[in-house]
1. Under 20 Å from a label point 7 Å along Cα→Cβ of T111: give me every residue in region 29-55 with its amide N that close.
2. Using Cα-Cα distances under 8 Å and only pairs 6 or more residues apart, what relative contact order does region 73-128 have, in percent?
3. Could you tell me the distance between the Cα centroids of region 89-135 and region 141-194, to the nearest Å?
4. Can you bin region 30-101 into rounded, prolate or oblate? Criterion: square roots of the alpha carbon gyration tensor eigenvalues sorted a ≥ b ≥ c, rounded for a/c under 1.5, prolate for a/b above b/c, oblate for the rest.
5. Counting DSSP beta bridges with both partners in region 79-163, what percentage is antiparallel, nearest 5?
6. In square nanometres, what is one fourth of the surface area of the convex hull spanned by the alpha carbons of the chain?
7. Please tell me the relative contact order of the chain in percent, rounded to the nearest whole number, where contacts are Cα pairs under 8 Å and at least six residues apart.
8. With Rg and the Kirkwood Rh both taken from Cα atoms, where does Rg over Rh land for region 90-194?
Amino acid sequence: MKKIFSLFLALVATTCLFAEGENRVKVGDLYYNLHREMHWDEATQQHVYENVASVTNEEYSSASNYVGLTSAVVPEQIIHDGVTYTVTSIEGYAFNHCASLAAITLPSTLTGIGHSAFYGCSALASIAIPEGVTQIGNDIFSHCSSLASVTLPSTLKSIAWQAFLRCSSLTSIVIPEGAESIEGIAFESCSSLA
C-alpha cells in the first residue's frame with residue numbers, strides 16, 4: 001500500500017510540474033518563458049490564475065544574445081497557441097551583451113527586470129522603465145557605454161549594486177522621491193555624470 005501511495009504522489013507531482021511548468025517560445029523577434037501565476041483576489045475572495053510571460057535570452061548558454069537585433073518593442077501581451085499571456089518581466093541576462101541593441105520599448109505591464117538584463121548593451125542610448133517596476137537589479141545596465149538617458153518610474157524603491165557601472169555616456173539621472181536605497185558603486189565609473 002505504501003508503494004502504491006508513493007507512486008501516486010510521484011505521478012501527481014509530475015503532473016503538477018508539467019501543468020505549472022515553463023514553456024519557452026519565440027514570438028516575433030523575442031523569446032519568452034510562459035507560465036501561470038496564482039494570486040489572491042480580494043474582491044472575489046478567491047485564488048485567480050493568470051497567464052504570464054517573461055522575456056528571456058535567445059540561447060540559454062549564449063554569451064551574446066539576440067545578435068543583430070537593433071531595436072525591440074516588448075508588447076504588453078503575446079498570444080501563443082490561442083492563449084493570451086501578459087508580459088510582466090524581463091529575466092536576468094535576457095539581452096546580455098546584445099551589442100547592436102540601440103533602442104527598446106518596455107510595456108506598462110512590466111513589474112520586474114532581472115539582474116544583468118541589459119549588461120553590455122553598448123549601443124543602447126536611452127530607456128524608459130515603466131511605472132510598477134520597484135527595483136533596478138545588480139548590473140542591469142552595467143557597461144552600457146552609449147546609455148545617455150534613463151527615465152526611472154516613481155514606483156522605484158531601490159537601485160542595486162553596480163546597476164549603472166561604466167555607463168560613460170550617462171550625463172544625468174533623476175532619482176524618484178520614493179527611492180529608499182542606492183547600493184554601493186551603483187554609478188561607479190559613470191564619467192559623464194555630473
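Nothing in this text is a laboratory measurement; each read-out follows from the coordinates by a stated rule. Since the model is a prediction, treat every value here as computed from it, not as a measurement. Don't worry about glycine lacking a Cβ; one is built from the backbone with ideal geometry, like all the others, and counts go over all protein chains shown.
1. It comes to 32-55, nothing else.
2. Result for region 73-128 is 39 percent.
3. About 13 Å separates the Cα centre of region 89-135 from the one of region 141-194.
4. It comes out prolate by the Cα gyration axes.
5. 20
6. 14.5
7. 12
8. We get a ratio of 0.92 for region 90-194.
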